[in-house]
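Student: To start, I am sharing the structure in question, which I have written as structure tokens.
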């Protein structure tokens, strides 16, 4: 998991390097505005796409941990805010079957075992397949968020 500010490449460039998928994804994020229409955008075919979305955030207990096998998520906040909880999925028990590249997880018994990321405008988080993340948690300062989730098929990065 990586949590950084888009406008400060010094915080992410050493880790993401110069791979075209990372550079093009982050460059695409820089062009977003609060007026960017909601919906799905292909960045390079069905293995690499973005979803611009807006929703009201929820109480932590109403949100679920999830992870993916085939996709890496880049979650970027355009306006508003949310909390995204993070934990290694190896510390959790499945909550239902794996389907459509999503595994939901039961929350950990000990709330001190996960980290919480405060997603504000201009910030992004990268979640790899081992990263269980719980988005949509209410930010104490904002009840809603407009964000984008870029889905990158891991085969595009691992080659």
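The values are calculated or read from the model by the stated rules, or taken from the named source; none is laboratory data. Bear in mind that the values here come from a model prediction, so they are computed numbers and not experimental data. So basically every Cβ, Gly included, is an ideal-geometry build from the backbone, and we count neighbours across all protein chains shown.
Student: For residues that are within 13 Å of the chain's Cα centre (by Cα) and either farther than 16 Å from residue 2 by Cα or in a strand (DSSP E or B) (or both), tally how many sit in segment 114-144.
Tutor: 16
Student: Something else about it: What pairs can you find where one residue is in segment 130-150 and under 13 Å from residue 71 (Cα atoms), the other is assigned to a loop (DSSP other than H, G, I, E, B), and their Cβ atoms are less than 6 Å apart, with a gap of 6+ or different chains?
Tutor: Every condition considered, the pairs that remain are 131/1; 132/92.
Student: Could you grab me the full set of residues in segment 29-58 that are out of contact with any strand residue (DSSP E or B) (no Cβ under 7 Å at 6 or more places or on another chain) and closer than 16 Å to residue 151 by Cα?
Tutor: Listed by number, the residues that qualify are 44, 45, 46.
Student: Of the residues in segment 145-156, how many are modelled with pLDDT under 95, touching a helix residue (DSSP H, G or I) at 6+ places or on another chain (Cβ under 8 Å) and closer than 24 Å to residue 135 by Cα?
Tutor: Total meeting the criteria: 0.
Student: Which of the residues belonging to segment 69-113 are in contact (Cβ under 8 Å) with a residue 40 or more places away in the chain, surrounded by 15 or more Cβ atoms within 10 Å (Cβ to Cβ) and not in a strand (DSSP E or B)?
Tutor: Correct list: 81, 89, 92, 107.
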